[in-house]
Every structure is written in C-alpha cells, then in structure tokens.
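In what follows, a structure is listed as structure tokens, so that the remarks can point back to it.
The values are calculated or read from the model by the stated rules, or taken from the named source; none is laboratory data. From a predicted model like this one, the values you see are computed outputs, not experimental measurements. Using ideal geometry, Cβ is built from the backbone for each residue, glycine included, and neighbour counts are taken over all protein chains shown.
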Amino acid sequence: MSELPLAGITVVSLEQAVAAPYATRQLADLGARVVKVERPDAGDFARGYDTTVHGQSSYFVWLNRSKESITLDLKAPEGRELLRELLDGADVFVQNLGPGAASRMGLGPDELASSHPSLIVCDISGYGADGPWRDRKAYDLLVQAEAGLLSVTGSPEDVAKAGISVADIAAGSFAFSGIMTSLYTRATTGKARPVAVSLFEALTEWMGSPAYYTRYGGSSPKRTGARHATIAPYGPFVAGDGRSVLLAIQNQREWSRLCLDVLHRPELVDDARFATNPDRVAHRDELEPIITEAVKGCTADELAASLDDASIANARMNTMDGLWEHPVLAGRDRWREVATPAGPISALLPPASLGGVEARMGPVPGLGEHTDSVLTGLLGRSPEEVARLRAASVV
C-alpha cells in the first residue's frame, strides 16, 4: 500500500460546526496531520449537537476522525503565542470563526502572509470576508434561504429545507479543493496562495441550474416535492402494493421505451401533449395519473424489474436504516471501523478512491486528548510547562 498522498503535511485548524471540519477531515483522510484547536471549556460546539452515537454527537463523529484535538484559550496571550508557534511548523491554516474574529487576533490572511509566507491560509465565512454582508452571521438553513434553495424545494404548498447541511458541505468541499490546489501551486511555484470560501457563494454555485432557468426562462422552477422540477416523468410513482418507485426519463428514446415496454401504452409516444420534455413538464398533471394507472397492476419489485429490462433508471424510496444495509456499500466493502472515545463505530470510506491507496480512518479525538503530546512533541514544551499552562487554564 502506497504512502498516503498528504503524509508530511501539517494542518492547524480553528474550526467548529461543519464546513471547516469537513474540509480538514478530507485532508486527514489523505494523510495530513490535522491539529484541531478547541476551546478548553466545551470545545467545538458541534460536540454538543446531539448524543446519539454512544453519547456523542452524530455530526462530530462524522467530521472529525483522524484528527488531533488540543485545547487553547485564545483569549490568553500565552494561548495565542502557542497557536502562532503551531503555525510556524504548519503548511495549512483553516478557520471558520465568527465574522472578523481571526483578523482581530492577527490571524487574517494579510497578517499571516507577511509573518508566515509559506503558510496556506483558508478562511471560511458566511457571506465573504469583505462586501456588505461581511459581518453578518450565517448558519446553514439561513444560507439555504438566501441562496434560493428553499424557494425551489418542497411541495407546491410548503417550502422545505434540505435534509442535510448542504451549504456547509458545499463550502467544505470547495475549501478542500481550494487547499489542494494551493498545495499544488506552492509545490510547483513556491507561492502560497490564500483560499477564501463563503457558504453563500458555495451554495449559490450549486444553484446554477435553477438560477439560469429562471433568469433566461422567465419563471422559477416550481416546487414539486420529490419530482424533478424541469424533467418529466422524473419522480416517485406508487405501485399496486403501495410502495413507491422513482423513475427517471432523460431523453426521447427512454420515453418511447417507457410507453412501449413498461406502460404498454404505445399511443402515448406520439401524443402531442407529451412529445418533448418541455411538453411533458407542461402537462405533468395529465401525464402522471396515466402512469400511475398503468403501473397499479404490478408490485414495486415488478415495476422496478420492468424498468430495468427497459434500461430506464429507477430507485426505491430508501430509508436511513436501509442505507446502512445497502447492498452496494456492502458489496464494494465501503465500511470500516473507527474508534471513538465512547467505543467503535462504522464509518464510510471517502467517496474518491485513489488506486493503491487506502484512506486513513483514524480515531475521533476526545476534547483536548492530544494537548500534551502536541505541546511536548511538536512545540518542545516540558511536561512541567504543560502542567503550568493547564493550571493557568491556558490549555
């Protein structure tokens, strides 16, 4: 097995919640040493989001494996000095503190560019480090609202948030790719370029299709529940046994196969109401009852098999319990065991697989678990000095 690609890279992160921890966990998966700096009292507040995983937060165990946790009181001068010493030996510094907090401590990209010219600084903010909303607090659901996601998600009667923290995950993903790009740039040119990502702009990028559809089409996509807003038929249909199967028609060839081989309604192929995808979307309320009537004589399994035979994409309506037992994850050996302070848990390998490389799946750290080892091993402090710092509540 090859050495992990980011072995030898040290990341120091002032992180909390989801966006920055997601970015740095991906770096840790690839072998980077990630030193997570937390507050001495409670640490990353995501530790307290829930207690569902052996008494630990589901968010935290997902986002923080393979990291080292140290505690520092950054309000204390000695705490800030220790952080700067950590940055002296780091390759990457990531922070997603509240608006302006890093700059007030002298840890903004401009300040660090002069004192640490080889350090890649990644700032994750809500609405950007400058601009009219630079001081505005941003949380995932609020950003979903501002980016227009809520306007196109849900039923015609009610808006609905995405069931996961999409703004945070989008920002963390872009931060990860930006850091990787900057590491490459530094390796090839010697220049360490700062990375900046905002939750709002990350999610706005993901909103590209409905944004263009609205800007140039003249109207916003309608909220259509589990159906696709601009493609039809594409969504769930209830079979005769009461279970739902989602089917997705992507082109005219598939539409013809659906009519002929699955619905057994050949006359629909040339029906002017359904001739093209825009026609089918415009006449969705007429089309969907026809499909529902045609499939009510078969079970969900029979409908799925018929769709498979016709080479039409389909899926069952899975649950979280079903996801854990999904045959694809089991058949592809995607699960690994990861240690946590309260006991082992199952964890998925990262989605991007590198040939010949097994991702690191290290333990989830307890709060401040590595404070002593980092301060003595990385910064050369004596055990007595660490004890003094702890007594003074600096660590």
> Only one of Arg336, Arg316, Arg332 is free of Cβ contacts under 8 Å to residues at least 12 places away in the same chain and among the basic types (Lys, Arg); which?
Replying inline: Arg332
> Does at least one position in the stretch 286-293 carry a residue that is within 23 Å of Asp158 (Cβ to Cβ), surrounded by 18 or more Cβ atoms within 10 Å (Cβ to Cβ) and free of Cβ contacts under 8 Å to residues at least 60 places away in the same chain?
Replying inline: no
>> farther than 20 Å from Leu112 by Cβ, within 15 Å of the chain's Cα centre (by Cα) and among the small types (Gly, Ala, Ser): is that true of Ala160 in this structure?
In response: no
>> Which residue is nearest to Ser118 (Cα to Cα), if the candidates are limited to the stretch 1-40 and must be in the same structural domain as Asp168 (by TED's automatic domain parsing) and of a type in the set (Asp, Glu)?
In response: Glu15
>> Condition (residue is within 16 Å of the chain's Cα centre (by Cα), among the hydrophobic types (A, V, I, L, M, F, W, C), buried (at least 19 other Cβ atoms within 10 Å of the Cβ) and modelled with pLDDT of 95 or more) applied to the stretch 24-35: is it met by at least one residue?
In response: yes
>> I need the full set of residues from the stretch 172-202 which are touching a Gly at 6+ places or on another chain (Cβ under 9 Å) and part of a helix (DSSP H, G or I), in order please.
In response: Leu199, Phe200, Glu201, Ala202
> Are any residues in the stretch 242-259 over 20 Å from Ala229 (Cα atoms) and among the polar types (S, T, N, Q), and if so, which ones?
Replying inline: Ser256
> Got a sec? Which of Arg223, Arg257 is more than 13 Å from Ala310 (Cβ to Cβ) and outside the structural domain of Val159 (by TED's automatic domain parsing)?
Replying inline: Arg223
>> Where the second residue is basic (Lys, Arg) and exposed (fewer than 13 other Cβ atoms within 10 Å of the Cβ) and the first is closer than 15 Å to Ile9 by Cα and lies in the stretch 170-193, which pairs have Cβ atoms under 7 Å and are six or more apart or on separate chains?
In response: Thr185/Lys191
>> Looking at Asp91, Asp110, Asp41, Asp29 in this structure, which one is of a type in the set (D, E, K, R), free of Cβ contacts under 8 Å to residues at least 12 places away in the same chain and within 25 Å of Ala187 (Cβ to Cβ)?
In response: Asp110
> Is it the case that the stretch 211-218 has a residue that's part of a helix (DSSP H, G or I), among the charged types (D, E, K, R) and either modelled with pLDDT under 95 or surrounded by fewer than 16 Cβ atoms within 10 Å (Cβ to Cβ) (or both)?
Replying inline: yes
> Ala305 is checked against (1) surrounded by fewer than 18 Cβ atoms within 10 Å (Cβ to Cβ); (2) in contact with a strand residue (DSSP E or B) (Cβ under 7 Å, 6 or more places away or on another chain); (3) without any contact (Cβ under 8 Å) to a residue 60 or more places away in the chain; (4) among the small types (Gly, Ala, Ser) and fails just one. What number does that condition carry?
Replying inline: (2)
> Do you know which residues across the stretch 308-324 are of a type in the set (Gly, Ala, Ser) and either surrounded by 12 or more Cβ atoms within 10 Å (Cβ to Cβ) or under 15 Å from Glu254 (Cα atoms) (or both)?
Replying inline: Ala310, Ser311, Ala313, Ala315
>> Return the residues of the stretch 95-113 that are hydrophobic (A, V, I, L, M, F, W, C) and over 24 Å from Asp140 (Cα atoms); say none if nothing qualifies.
In response: Met105, Leu107, Leu112, Ala113
